[in-house]
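Read through the structure below, which is laid out as structure tokens, and then see the notes.
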Amino acid sequence: MFLQRESVGNTSPAFPFPETVDQPQSAPGVSGPWFAVIVQRIGNVFALDVRSLALFRVCLSLILLTDLCWRAFNLRAHYTDVGVFPRGVALSQFLDEWYFSIHLMTGTLLGQSLLFSLNAACAVSLLVGYRTTLATCLSWFFMISLHNRNLMILDSGDVVLQMLLFWSMFLPLGAAYSVDAARKPTPQRREVSVRSIGSVALLLQICFIYWFTAALKTDPIWRQEGSGVYYALNLDVFATHVGVWLRQFPQVMTMLSFGTVALETFGPWLLFLPIAQGQVRCLAIALFVGFHIGIGLCLDLGIFPFIMLTTWLILVPTWLWEKFAVPCEFSAQRTQQIRRWLKHVGLCARFRVAQTGRWQWWWSVMSASFCTACLLYVFLWNLRTTDFAKYSQYLPQKYNWIGNALRIDQMWNMFAPKPLQDDGWYVIPAHLHGGKEVDLMTEQASVTWEKPAFVLPLYRDQRWRKYLLNLWEREHAAHRLYFGRYLCRNWNATHQGDETLETFEIYFMKETTLPNGKVAPIEKVNLWNHNCFG
């Protein structure tokens with residue numbers, strides 16, 4: 001799809017910026033080397049080390065495999081026709097016409113398992129760096145298809161993952177520590193860093209996540225009161241034991257609130273400083289890694305913190321790699337072992353050195369142009385999220401189909417403009433044919449309306465929690481019918497006679513967080529009444 005140039009001794013794409021050289025040369029018409037040094041340092045801002053690309057590739061593929069494993073536990077419930085989101089319902093009522101998904105081709109458990117297996121095979125190929133560009137493109141394709149199959153269980157981490165894979169298609173992730181690199185003849189000189197429009201796009205995308213998250217935090221809770229972290233930690237559906245413990249320190253939460261906005265606003269600018277680039281970039285990485293580790297300790301956000309930690313791995317500078325004397329490729333002995341193994345299993349294709357030709361030049365130009373256009377589109381899309389009335393003229397809604405088709409549409413409203421102040425838990429009292437009453441949420445015989453000591457374990461996992469929180473919102477009320485039908489099918493598939501499920505009610509126990517550590521009385525909200533045989 002989006003291929004980089006193949007050449008001996010050069011792992012950079014076909015549309016790079018000026019490459020890093022040991023002795024900078026003077027630019028035409030400029031006396032002295034100082035101008036070239038400035039140009040080189042500015043170019044180095046957008047340079048990505050091939051070892052960082054390799055580390056990023058490995059961690060990204062591991063996250064893809066982990067995410068697939070976690071989703072597989074709910075394969076029947078979330079992706080088949082007997083689950084909460086049947087294909088007919090998805091196509092007729094909820095999906096945008098530009099949201100493609102090959103997962104809509106089948107509604108059976110076997111069919112979905114096969115698609116999951118193909119997705120995992122692409123992720124494994126990406127992990128080892130075999131046919132890396134093709135594996136990246138296919139991983140992106142399968143992931144977009146999987147996400148479009150059920151939008152109700154997606155969160156911000158999924159959006160970040162979409163964007164990382166999209167921009168990765170324009171980068172040589174297999175330039176180092178990969179099967180692809182081992183299959184090539186050993187060159188006399190191999191480039192350490194890559195500068196291309198793909199590296200520019202990925203770097204700016206990382207910055208967009210934080211800049212626009214900060215821009216959307218417009219409520220006084222963040223910018224004046226400093227109580228944003230207080231409200232976030234009081235969301236019992238996310239708060240971990242560490243987060244609950246931190247609630248007793250109001251002054252610390254105030255400092256963390258202002259510090260969060262400051263880091264999201266000014267932290268990414270450290271990546272663009274042309275002085276002491278290696279050291280400054282390592283400082284930025286340390287700050288944001290610590291930031292996301294802290295969030296992950298206080299709030300259960302699924303794989304989101306791990307995705308963000310992986311994001312920053314791609315920015316590890318050459319300075320740090322050289323400081324620890326890490327080579328850019330496998331040792332000669334290891335390379336020969338990989339080649340013998342590939343030859344043994346029949347995967348060691350004939351080495352090919354691409355010849356420079358007009359078609360390659362045009363392909364490189366088209367790839368660079370497409371990447372540039374997408375980067376501009378993403379910037380205008382994000383700009384529009386901050387003030388639609390003001391900036392929609394630059395990206396009218398009639399062009400939304402582009403973002404929907406490529407899934408580069410994004411909205412970084414994480415705890416913005418302010419954290420939710422309402423959360424709670426579900427109670428689903430059900431009436432069986434024999435007159436017995438059970439709670440479908442906890443699957444226990446007794447129904448209790450008291451708040452549990454710890455709310456988080458009530459939600460089975462991250463995907464179910466996201467689904468049920470969306471179900472509470474009025475804009476997703478149409479999904480309640482299909483959730484009710486799923487509960488009936490799921491229960492009655494394993495129960496008969498007097499244990500057959502007949503009717504149930506879905507209640508959301510709403511709890512509103514008030515200032516100064518106060519909580520409003522719990523409100524019992526009836527969301528849905530269902531009759532399995534009505």
Worksheet item: Out of (1) over 20 Å from Ala284 (Cβ atoms); (2) modelled with pLDDT of 70 or more; (3) touching an Asp or Glu at 6+ places or on another chain (Cβ under 9 Å), the odd one out for Trp363 is which?
Response: (3)
Practice prompt. Identify the residue in the stretch 287-312 that is assigned to a loop (DSSP other than H, G, I, E, B) and within 14 Å of the chain's Cα centre (by Cα) and, among all such residues, is nearest to Leu235 (Cα to Cα).
Written response: Leu301
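Can you spot a residue in the stretch 226-235 that is of a type in the set (Phe, Trp, Tyr), closer than 24 Å to Met366 by Cα and either assigned to a helix (DSSP H, G or I) or touching a helix residue (DSSP H, G or I) at 6+ places or on another chain (Cβ under 7 Å) (or both)?
Keep residues of the stretch 226-235 that are of a type in the set (Phe, Trp, Tyr), which gives 230-231.
Subset that is closer than 24 Å to Met366 by Cα: none.
No, because not a single residue in the stretch 226-235 is of a type in the set (Phe, Trp, Tyr), closer than 24 Å to Met366 by Cα and either assigned to a helix (DSSP H, G or I) or touching a helix residue (DSSP H, G or I) at 6+ places or on another chain (Cβ under 7 Å) (or both).
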Discussion item. When you scan the stretch 277-288, do you find a residue that is surrounded by fewer than 16 Cβ atoms within 10 Å (Cβ to Cβ) and free of Cβ contacts under 8 Å to residues at least 24 places away in the same chain, even just one?
Written reply: yes
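Can you go through Leu456, Leu468, Leu440 and tell me which one is out of contact with any Lys or Arg (no Cβ under 8 Å at 6 or more places or on another chain) and closer than 30 Å to Arg384 by Cα? Steps first, answer last, please.
Numbers: Leu456 fails: closer than 30 Å to Arg384 by Cα; Leu440 fails: closer than 30 Å to Arg384 by Cα.
Going through Leu456, Leu468, Leu440 in turn, the sole match is Leu468.
If you take just the helices (runs of 4 or more DSSP H) that sit entirely in the stretch 106-214, which of them hold at least 3 residues that are buried (at least 21 other Cβ atoms within 10 Å of the Cβ) and at pLDDT 95 or above? Before the answer, list the steps.
Details: elements: 109-128, 132-149, 156-168, 179-183.
Counting at least 3 such residues, we get 109-128, 132-149, 156-168.
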Item to complete: Starting from residues that are in contact with a helix residue (DSSP H, G or I) (Cβ under 6 Å, 6 or more places away or on another chain) and in a helix (DSSP H, G or I), keep the ones in the stretch 247-262 and report whichever is surrounded by the fewest Cβ atoms within 10 Å (Cβ to Cβ).
Response: Val261
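Do any strands (runs of 3 or more DSSP E) lying entirely in the stretch 377-480 carry at least 1 residues that are surrounded by fewer than 17 Cβ atoms within 10 Å (Cβ to Cβ), of a type in the set (D, E, K, R) and touching a residue at least 12 places away in the same chain (Cβ under 8 Å), and which ones are they?
422-427
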Worksheet item: So which residues in the stretch 505-518 are surrounded by fewer than 12 Cβ atoms within 10 Å (Cβ to Cβ) and either at positive phi or not charged (D, E, K, R) (or both), if there are any at all?
Response: Leu514, Pro515, Asn516, Gly517
Fill in: Any pair with Cβ under 9 angstrom, 6 or more apart, that starts in the stretch 153-177 at a residue that is free of Cβ contacts under 8 Å to residues at least 60 places away in the same chain and more than 17 Å from Cys122 (Cα to Cα) and ends at one that is in a helix (DSSP H, G or I) and β-branched (Val, Ile, Thr)
Asp158/Ile307
Worksheet item: Residue check: is Trp140 among the aromatic types (Phe, Trp, Tyr) and within 30 Å of Gln248 (Cα to Cα)?
Response: no
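Please verify whether the stretch 49-61 includes one or more residues that are outside any helix (DSSP H, G or I) and either over 21 Å from Leu471 (Cβ atoms) or not assigned by TED's automatic domain parsing to the domain that holds Pro274 (or both).
The initial filter retains those residues of the stretch 49-61 that are outside any helix (DSSP H, G or I), namely 49.
Then keep just the ones that are either over 21 Å from Leu471 (Cβ atoms) or not assigned by TED's automatic domain parsing to the domain that holds Pro274 (or both); that gives 49.
Checked the stretch 49-61: at least one residue is outside any helix (DSSP H, G or I) and either over 21 Å from Leu471 (Cβ atoms) or not assigned by TED's automatic domain parsing to the domain that holds Pro274 (or both).
The values are calculated or read from the model by the stated rules, or taken from the named source; none is laboratory data. In this text, all values refer to a predicted model and were calculated from it rather than measured experimentally. For neighbour counting, all protein chains shown are included, and Cβ atoms are generated from backbone atoms with ideal geometry for every residue, glycine included.
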